[in-house]
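First up is the structure itself, then whatever we jot down about it.
Each reported figure results from applying straightforward, stated rules to the coordinates on display, with no laboratory input. Please read these numbers as outputs of a predicted model, since none were measured by experiment. For neighbour counting, all protein chains shown are included, and Cβ atoms are generated from backbone atoms with ideal geometry for every residue, glycine included.
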Amino acid sequence: MGKYNVGIIGATGMVGQRFALILENHPWFEVTALSASPRSKGKTYAEATRGRWLVDRPVPEKMKDMTLFDATEDIDAITKAVDFVFCAVDMPKEETKALEEAYAKKECPVMSNNSANRATQDVPMIIPEVNADHAAIVEFQRKRLGTNKGFIAVKSNCSIQSYVPALHPLMGYGIEDVLVCTYQAISGAGRTFDTWPEMEDNVIPFIGGEEEKSEREPLKIWGKIENNKIIPAKSPNITTQCIRVPVSNGHMAAVFVRLREKLSKGQITAIWSEYKGEAQRLNLPTAPKQFLNYFEEDNFPQTKLHRDLENGMAVSLGRLREDSQYDYKFVGLSHNTMRGAAGGAVLMAELFAAKGFFGG
Ligand code: NAP
């Protein structure tokens with residue numbers, strides 16, 4: 001198979017920079033267009049990101065001299081140069097929605113990190129290990145958009161990737177109620193300690209819109225395709241509190257769960273360690289070999305030690321024990337800009353590529 005040519009929309013942002021690093025040596029995808037706002041148009045990638053390169057490796061050599069397009073004005077040039085795009089922009093919701101639809105209608109599939117289209121009923125929100133089957137909704141979305149190839153698929157919010165993967169293999173045992181407190185890194189807001197010094201030695205008990213997304217999005221992921229729409233699951237009941245903590249990368253979740261069927265601790269950890277999703281079955285290049293990793297140590301997982309497990313694509317779990325009010329409680333950890341953002345979107349794109357959705 002030849003490589004697919006891909007574009008990054010929002011290439012100068014924090015998530016866009018992660019895309020650039022992940023795609024630098026990707027076996028299936030080659031970056032052939034970079035774009036951002038009109039402020040960056042005409043600059044090389046190196047110039048446009050000078051003084052605001054926030055990720056841990058330098059600007060990829062093969063992208064540093066690429067000239068940035070304006071994501072809106074240059075849509076024709078971009079869509080001619082690529083087979084599909086990754087999109088991570090900081091724009092008002094309606095503008096983001098319009099931008100993503102404009103690309104899809106130009107027959108350019110959009111793998112989106114933005115929240116604008118997450119609630120759109122025929123836009124799949126995919127964690128490849130959990131609900132790869134939702135790709136089937138694309139057929140109906142294409143009918144609505146009047147496209148042959150173009151469509152939009154979204155990655156879920158980063159907060160839910162620390163607990164939905166762990167809960168998913170237990171869904172068949174009747175999960176009734178879930179209570180989650182998330183402890184979220186500052187990169188989730190596109191910030192670092194340099195750009196957000198107030199976060200040093202501080203905890204902020206509010207992340208705008210995050211609790212709503214953390215409660216709503218899992219139900220779409222566990223939903224079913226009916227009448228050309230994804231109908232969200234009606235259960236479990238989920239309640240969350242989302243808290244910003246002074247950590248650069250890595251979202252942790254403290255999870256309490258009530259199950260209809262009583263499982264032993266050993267049964268649950270065995271279910272986790274044996275679980276494989278479509279990403280592992282298809283052996284997708286960015287998929288972790290071991291998706292769910294349970295640690296027996298009382299003080300694991302730790303953000304600094306485990307967030308980068310399998311290039312930040314694995315989910316780390318620990319502290320599973322019985323609870324006096326719920327049945328069990330445990331802790332989950334995932335890398336918010338890898339599994340939770342750019343890495344998750346690349347894995348989703350690999351799934352669509354493997355299933356032939358990009359043509360060619
Ligand atoms: P960011 O660092 O603020 O970057 C924003 C990007 O959007 C920049 O490339 C910027 O280009 C571009 N942009 C702004 N206005 C634009 C316009 N009018 N037209 C085209 N491009 C425009 O934001 P981020 O943290 O990367 O987040 C990007 C998106 O991903 C957001 O929707 C966010 O909610 C989502 N997300 C972020 C995370 C995370 O962990 N950070 C996780 C999941 C999802 P210029 O440089 O030219 O201004």
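With a ≥ b ≥ c taken as the square roots of the eigenvalues of the C-alpha gyration tensor of segment 158-335, please select rounded if a/c is under 1.5 and otherwise prolate if a/b is larger than b/c or oblate if it is not?
It comes out rounded by the Cα gyration axes.
Using DSSP loop states and a limit of at most 11 other Cβ atoms within 10 Å to flag trypsin sites (Lys or Arg not before Pro), what is the longest stretch of the chain containing no flagged site?
By the stated rule (loop sites, at most 11 other Cβ atoms within 10 Å), 51-233.
If you put +1 on each Lys and Arg Cβ and -1 on each Asp and Glu Cβ, how big is the dipole of segment 1-147 around its Cα centre, in Debye rounded to 20?
200 debye
Please turn the phi angles of segment 163-179 into ³J(HN,Hα) values with the Karplus equation 6.51 cos²θ - 1.76 cosθ + 1.60 (θ = phi - 60°), one per residue in order, whole Hz, x for glycine and proline.
Calculated HN-Hα couplings, in order: 10, 4, x, 6, 6, 3, x, 9, 4, x, 9, x, 6, 9, 10, 9, 10 Hz.
Got a sec? Which residues in segment 123-161 would a label at ASN311 touch, if it sits 7 Å along Cα→Cβ and we count backbone N under 16 Å?
Residues passing the 16 Å test: 128-129.
Could you state the principal axis extents of the C-alpha atoms in segment 1-61, from the largest down, to the nearest angstrom?
Here the Cα extents, ordered largest to smallest, are 37, 25, 18 Å.
Step through the residues of segment 196-208 one at a time and calculate ³J(HN,Hα) from phi using the Karplus curve (6.51 cos²θ - 1.76 cosθ + 1.60, θ = phi - 60°), rounding each to whole Hz and writing x for Gly and Pro.
9, x, 4, 7, 5, 6, 8, 10, 10, x, 8, 10, x
Between GLN302 and LYS224, what is the FRET efficiency for a Förster distance of 22 Å, r being their Cβ-Cβ separation, to the nearest 0.05?
Once rounded, the FRET efficiency stands at 0.05.
Please turn the phi angles of segment 94-105 into ³J(HN,Hα) values with the Karplus equation 6.51 cos²θ - 1.76 cosθ + 1.60 (θ = phi - 60°), one per residue in order, whole Hz, x for glycine and proline.
Here the 3J(HN,Hα) series is 5, 5, 5, 4, 5, 4, 5, 5, 4, 5, 4, 5 Hz.
I'd like the FRET efficiency for GLU94 and GLU274, computed as 1/(1 + (r/R0)^6) with the beta carbon distance as r and R0 of 35 Å, rounded to 0.05.
For R0 = 35 Å, the calculated efficiency reads 0.20.
Rank PRO218, PRO301, PRO27 by mean-square fluctuation in a GNM of the chain with C-alpha springs under 10 angstrom and give only the top-ranked residue.
Answer for the Gaussian network model of the chain: PRO27.
Could I have the simple spin-label model distance between ASP201 and ALA233, label points 7 Å from Cα toward Cβ, reported in nm to one decimal?
Those two pseudo-labels are separated by 4.4 nm.
Could you point to the residue in ILE268, HIS306, GLY223 farthest towards the positive end of segment 158-335's charge dipole, with +1 and -1 charges on the Cβ of Lys/Arg and Asp/Glu respectively?
Of the listed residues, the answer is GLY223.
What fraction of the DSSP beta bridges in segment 158-335 is antiparallel, stated in percent and rounded to the nearest 5?
Within segment 158-335, antiparallel bridges account for around 65 percent of the total.
What number comes out for the charge environment of PHE140, summing +1 per Lys or Arg and -1 per Asp or Glu over other residues with Cβ under 10 Å away?
Result for the neighbourhood of PHE140: +2.
Out of residues 5 or more away from VAL31 or on other chains, whose amide H comes under 5 Å of its own, with H placed 1.01 Å from N in the peptide plane?
VAL6
Just the number, please: percent antiparallel of the DSSP beta bridges in the chain, rounded to the nearest 5.
Here the antiparallel bridges make up roughly 45 percent for the chain.
For a 20 Å ceiling on Cα separation, which of these pairs sit above it: LYS64/LYS289; LYS3/LYS355; LYS106/LYS149?
From the list (LYS64/LYS289; LYS3/LYS355; LYS106/LYS149), the Cα-Cα distance tops 20 Å for LYS64/LYS289.
Write down Rg/Rh for segment 269-360, rounded to two decimals, with Rg from the C-alpha atoms and Rh from the Kirkwood relation over Cα pairs.
Answer for segment 269-360: 1.06.
Report the Stokes-Einstein translational diffusion coefficient (µm² s⁻¹, integer) for segment 159-211, Rh taken as the Kirkwood radius over Cα pairs, at 4 °C with viscosity 1.567 mPa s.
96 µm²/s
Choose one of GLN241, GLN161, GLY174: the residue whose Cα lies farthest towards the positive end of the charge dipole of segment 158-335 (beta-carbon charges +1 Lys, Arg; -1 Asp, Glu; about the Cα centre).
GLY174
Taking amide hydrogens as modeled 1.01 Å from N in the peptide plane, which residues meet the under 5 Å criterion relative to ASP323, leaving out close sequence neighbours?
For ASP323, the qualifying residues are TYR328, LYS329.
Given axes a ≥ b ≥ c from the Cα gyration tensor, I'd like to know whether segment 86-228 is rounded (a/c under 1.5), prolate (a/b larger than b/c) or oblate.
oblate
Kindly put THR239, THR337 in sequence by how many other C-beta atoms sit within 10 Å of each C-beta, fewest to most.
In order of increasing Cβ crowding within 10 Å: THR239, THR337.
How are the alpha carbon pair distances in segment 1-125 distributed across 5 Å bins from zero to the largest one, expressed in percent?
2, 12, 23, 25, 20, 12, 4, 1
Can you list residues whose amide H is under 5 Å from GLY150's amide H, if they're 5+ apart or on another chain and H is modeled 1.01 Å from N?
When sequence neighbours closer than 5 places are left aside, the close amide H contacts are GLU107, CYS108.
Assuming R0 = 25 Å, can you tell me the calculated FRET efficiency for the pair LEU282 and ARG144, based on Cβ-Cβ distance, to the nearest 0.05?
0.35
Is any residue of segment 59-82 close enough, with backbone N under 16 Å, to a label point placed 7 angstrom from the Cα of LYS43 along the Cα-Cβ axis, and if so, which?
Hits in segment 59-82 for LYS43 at 16 Å: 59-60, 64-71.
Please list the three semi-axes, largest first and in whole Å, of the ellipsoid equivalent to the chain, using sqrt of 5 times the eigenvalues of its alpha carbon gyration tensor.
So the three semi-axes of the chain are 33, 24, 18 Å.
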